[in-house]
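Colleague: Handing you a structure now.
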Amino acid sequence: MGVMELCSSRFCGNDLWGPRSDGKAACFGYAEVVKRKRIRNLRIPPSTFHGFYMKRRRKGVYGILGEHVCEAEFVENTCKRLKSKDVFEVLKSFSDTNEALLFFRSAAQHHSVILSTESCNYMLKLLRGQERVKEMVTVFDMMQKQIIKGNLDTYLIIFEAINVHEGIKMAPSALERMNKAGFVLNAYSYNGLIHLLLQSGFWKEAMEVYRRMVSEGLKPSLKTFSALMVALGKKRYADAVLGLLKEMKELGLRPNVYTFTICIRMLGFCGRLNDAKQLFWNMKSSKQKPDRVTYLTLLDKFGDRGEIDTMRLFWREMETDGYVADVIAFTTLLDALCKKGQFDEAFSVFDAMKKKGIQPTLQTYNTLIAGLLRVSRLGEAQQLFNQMEACGPHPMAYTYNLFMDYYGKSGEAGKALKTFDEMKNRGILPNLVSFNILLYSLAELGKVSSAKAVFHEMEVSGLSPDAITYNMMIKCYSKSGKIDDGIKLLHEMTEKGCDPGDKTINALIHTLYKANRESDAWAVFHRMKEMNVKPTIVTYNTLLFGLSKGCEVERAMELFRAITENGCSPDTITFNTLLDCLCKNGKVEEAIKVLYKMTEQSCAPDVFTYNTMIHGLVKDHRVEKAFWLYHQMRKVVYCDFITLCSLLPGLVKNGKFEDALKIITNFIRPDGFRIDGSSWEVLMEGILVEAGVEQAKTFIEEMVFCGICRDNAILFPVIKSLCKNNRAIDGQRLCQTFKNYGISPNVKTYNCLIDGLLEANHASLAWDLYEEMKGTGYAPNVWTFNLLFGDLAKSNRIDDMLALHEEMHIKGCEGNNITYNSIISGLVKAERLEQALDFYYDLISGDFSPSPGTYGPLIDGFLKLGRLDEAKQLFEEMQGYGCRPNCAIYNILINGMSGYSDQAYGVYKKMVAGGCSPNTGTFAQLPNQSWDL
């Protein structure tokens, strides 16, 4: 029989004898060693072999060589009955490491004993405690030879022995030390170590160990390759997976169906469908038959991409390989057809499926309903729902959720709520998604009371709100202005251990800033740490925008520095916000430094960045620098209209007309942007503010002379500015310059100039301009006529005014209150009160809504003629038409009744009772007596 160290022990009665490290015999209590219940049925024969054992021990023989049959039988019977777990229990009973090692070696050498990983790790741990690395190497080598799987503890014990304390992640670097200490891994151990690393989530380290394994000439197993591919596939590292597949073939390993399937699924997830298709054909050419999972994966991924023809190709291949299309395959095809909008074909496939005896599942119906609702074909979706209820699978919460989601996104919260109630009435319990969908629709409309009721019902039903639930409620509170309730709910959310997420926090901070509650916004921000929510760049940008809006430059700079210190990278929005804050507050030099820092951090400036800096430089009177930055800008981004509005005012102010004209020429080139009339006005208004009217006037003359601009809208802002400064004659001359180049003023410009000339007492020129205006084809509008009515009324040319009103009517121009009030006022002033009254009644017989300006002249006319009763009657009539008297009307009445103190006083009391406040003019009109005010 084989040599067995365990069997060299001597049994005396109930004691187990064995050798000690000093060579003497040692007796171990049998009950202690085998714990009785572990080896209950051993027969312990009487023995007197202690002397024999010691004799053999001194000769170095570690076992019984068969001289006594009874002892040999006992040894054989003992080893046969010894189990792996018993070895571990015996090992734990030793207090001496040498004795334990001797026992371990004996057990390891017997063919009927299978050592466990647990026993080996225990032995390794004992030896590590005494720094006996060489013997640890022997134990580890025995594990490899007997194919005993090493686990995480195995390697951690060895790592500690060679002074590697950072855990299994250090495996790649620890292997070199292990090798020097004598721990040489074979292929089995390498494969095991790679799997341990992958199970611990250390895929990069697993790849390093794999590379070392291959470099040592060892061949990984197919299982190892597959595990690595799965790990890399989850990270979407398609090229790395394909690289492993290539290396597998180079090592002489033939990929199996499982390997190909892993690669194909991974390529599908990564969107590398062409590679997946090629790999499929490689699989077929290698005589590997794809399994059903492979085909379903290909159908699903190419369906997501809308490649219906490719799906049909794989469908045919699937049937050729003997796989009958099942309900999963049909549902996948239906989903693809619905996403492509091919509903006629989808329903044809649906009918064909049923004819083949394949019953649609709930998912099949849900797929069709979801597709129909996605394109707002609600009626057909409802028909399909009814069909499902009649003869198909019963709808579940998901089906109702589809309809609720459709209604919610369509702004029909009422229908969503009705669907929710219908689901409950049919005995289907709403799930958390159902409640969240309903809360979404209510939150979008800010329906707080309904949302609170739904939230309460959810809690009563036993469902715990999740982050989405709380987010919807907080959003609802924010939209309805109940921000404090939102903050309270945020506290409740975190107390229940629900992560609010950065989006919720960011939205709440933004809402607080909009409500001018800056301190509360910052309080929420400071609470993010205790809520275990890390601020994102959106968080910082929101706060930075608030500081910029409040012109808090120092705090903005402090926050900006904190962004990088807290491990967050500023983005373009961050820099733009800070640059805007600095430039608006005159910190242009600081802004330039920030701009350089932006480029150093590889954060690309955009058009907003450059426009902000150009505007800031122009405001800081650094036009040359702004012009230089403009040229740098053109190298990387396209200029926009804001660029013109930022740069041109400064150039024009400094007399750099040529540069300004070149910029405009480049901007409105054939392949560039167009500038419409309103944009020209905005640009010229900016130039007027910055450069003044003279420079602006010269500049537009240069533009017209050079043929750069022929849009008459450019003239209006300059004419308006000239007229405002009592320079209407200069405005008329500028108009003439434009007309010489074939550019006629537009209606706005004509009206502005007519108004200016009338104000400057150049009425004849104004009327000439009106005649000219009609000759150019521009139809005068109501503003034009109102200006002229005012002039005619002022000069008491009543007949001309009435004639102009007739002309206005013929031209189809409808008057407004200003028009009609001017005519009535003119007629009253010309002592043509009856005509004015007739005109008034003609107006109100139509859809005219009189104003106090309509009644004021008429009442005043009656009072001046002493027709007090008619004035009072008109005053009452005025209120009957819904026109509330203002202070001017009351003053007219009081003034007209100056000879009637009591009546004047009565009007005054009525004025105060009606909520109209008297002014100094009121008291000046009252009779000279003491009033109870």
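Colleague: So what's the angle, to the nearest 10 degrees on a 0 to 90 scale, between helix 432-445 and the longest Cα principal axis of the chain?
Modeller: Once rounded, one gets 20 degrees.
Colleague: Distance between the C-alpha centers of the range 378-419 and the range 703-727? Whole Å please.
Modeller: Cα centroid of the range 378-419 versus Cα centroid of the range 703-727: 62 Å apart.
Colleague: Now, a different point. With just the Cα atoms of the range 316-417, tell me how far they stretch along each of the three principal axes, in Å, largest first.
Modeller: Result, largest extent first: 51, 27, 18 Å.
Colleague: For the pairs 284/354; 223/287; 145/249; 234/529, flag any whose C-alpha to C-alpha distance is greater than 26 Å.
Modeller: 284/354; 145/249; 234/529
Colleague: Given the pairs 697/748; 447/534; 656/748, which span a C-alpha to C-alpha distance of over 23 angstrom in this model?
Modeller: Among 697/748; 447/534; 656/748, the Cα-Cα distance tops 23 Å for 447/534; 656/748.
Colleague: Under the √(5λ) rule applied to the eigenvalues of the Cα gyration tensor, what semi-axes describe the equivalent ellipsoid of the range 464-532? Give them in Å, descending.
Modeller: Its equivalent ellipsoid spans semi-axes of 18, 14, 9 Å.
Colleague: Would you calculate the separation in nanometres between label points at residue 689 and residue 589, each defined as 7 Å from the Cα along the Cα-to-beta-carbon direction?
Modeller: Taking the simple label geometry, residue 689 and residue 589 are separated by 2.7 nm.
Colleague: If you roll a 1.4 Å probe over the heavy atoms of the protein chains, what accessible area per residue do you get for the chain, in Å²?
Modeller: Spelled out: the 1.4 Å probe surface of the chain, per residue, equals 49 Å².
Colleague: Mind checking the full-extension length gain between residue 361 and residue 698? Use 0.36 nm per residue of separation minus the Cα-Cα distance, one decimal, nm.
Modeller: Roughly 113.5 nm would be gained on extension.
Colleague: Tilt of helix 257-269 relative to the longest C-alpha principal axis of the chain, in degrees (0 to 90, nearest 10)?
Modeller: Roughly 20 degrees, rounded to the nearest 10.
Colleague: Further question on the same structure: Per the Kirkwood definition applied to all pairs of different Cα atoms, how many angstroms is the hydrodynamic radius of the range 537-651?
Modeller: Evaluated over the range 537-651, this radius sits at 14.2 Å.
Colleague: Still on this structure, I have one more. Given N residues in the range 406-464, what is its alpha carbon radius of gyration divided by 2.2 N^0.38 Å?
Modeller: Normalised Rg, Cα atoms only: 1.03.
Colleague: Now for a separate question. Give the lysines reachable from residue 593 as a straight Cα distance under 25 Å; neighbours fewer than 8 places away on the same chain don't count.
Modeller: The reachable lysines, counting only those whose Cα sits under 25 Å from residue 593, are 549, 584, 619, 625, 635.
Colleague: Right, another one. At 222 nm, what value in deg cm²/dmol follows for the chain if DSSP H runs of at least 4 each add -39500 (n - 2.57) and the sum is divided by all its residues, to the nearest 500?
Modeller: It comes out at -21500 deg cm²/dmol, rounded to the nearest 500.
Colleague: Counting only protein heavy atoms and a 1.4 Å probe, tell me what percentage of the range 406-452's accessible area is made up of carbon and sulfur.
Modeller: Of the solvent-accessible surface of the range 406-452, carbon and sulfur hold 52 percent.
Colleague: A further question follows. Of the listed values [x] -0.66, -0.86, -1.21; [y] -0.29, -0.43, -0.76; [z] -0.60, -0.83, -1.11, grab the one calculated as log10 I(q)/I(0) by the Debye sum over Cα atoms at q = 0.05, 0.06, 0.08 Å⁻¹ from the structure here.
Modeller: Computed from these coordinates, log10 I(q)/I(0) by the Debye sum over Cα atoms at q = 0.05, 0.06, 0.08 Å⁻¹ corresponds to label [x].
Colleague: Continuing with this model, one more query. In nm, what is the difference between 0.36 nm times the number of residues separating residue 729 and residue 886 and their Cα-Cα distance?
Modeller: 52.7 nm
Colleague: Could you pull out every one of the lysines with an alpha carbon less than 26 Å from that of residue 910, ignoring same-chain neighbours closer than 8 positions?
Modeller: 864, 872
Colleague: On full extension of the chain, what length is gained from residue 831 through residue 285, given 0.36 nm per residue of separation minus the C-alpha to C-alpha distance?
Modeller: Full extension of this stretch gives 185.7 nm more.
Colleague: Same structure, new question: Taking 45 Å as R0, compute the FRET efficiency from the Cβ-Cβ separation of residue 901 and residue 847 and round it to 0.05.
Modeller: Efficiency for this residue pair is about 0.65.
Colleague: Oh, and also: Farthest toward the dipole's positive end in the chain, which of 350, 270, 675, given Cβ charges of +1 (Lys, Arg) and -1 (Asp, Glu) about the Cα centre?
Modeller: It is 270.
Colleague: What's the longest bit of the chain with no exposed trypsin sites (Lys or Arg not before Pro), using DSSP loop states and at most 11 other Cβ atoms within 10 Å as the test?
Modeller: Segment 675-933 is the longest.
Colleague: Between 0 and 90 degrees, rounded to the nearest ten: what's the tilt of helix 798-810 against the longest Cα principal axis of the chain?
Modeller: Around 40 degrees separate the two axes.
Colleague: Between residue 529 and residue 151, what FRET efficiency follows from the Cβ-Cβ distance if R0 is 35 Å, with the result rounded to 0.05?
Modeller: 0.35
Colleague: Using only Cα atoms, what Kirkwood radius does the range 793-933 have, in angstroms?
Modeller: By the Kirkwood definition, the hydrodynamic radius is 16.1 Å.
Colleague: Could I ask something else about it? At 7 Å along the Cα-to-beta-carbon direction for both residue 160 and residue 869, put a label point, then send me their distance in nm to one decimal.
Modeller: Inter-label distance under the simple model: 11.8 nm.
Colleague: With label points built 7 Å along Cα→Cβ from the Cα atoms of residue 568 and residue 668, find their separation and express it in nm.
Modeller: So the label points at residue 568 and residue 668 sit 4.5 nm apart.
Colleague: Hey, for a label at residue 800 modelled as a point 7 Å past Cα toward Cβ, could you say which residues of the range 732-769 have their backbone N under 16 Å away?
Modeller: Output list for this probe position: 754-755, 757-769.
Colleague: Rounded to the nearest Å, what's the spacing between the alpha carbon centres of the range 874-921 and the range 336-366? Just the number, please.
Modeller: The range 874-921 and the range 336-366 have Cα centres separated by 79 Å.
The values are calculated or read from the model by the stated rules, or taken from the named source; none is laboratory data. As the structure is a computational prediction, the values presented were derived from the model and not from experiment. Cβ: placed from backbone, ideal geometry, glycine included. Neighbour counts: every protein chain shown. Accessible surface is based on the protein model in full, side chains and every heavy atom, while ligands, DNA and RNA are left aside. Shrake-Rupley method; radii C 1.70, N 1.55, O 1.52, S 1.80 Å.
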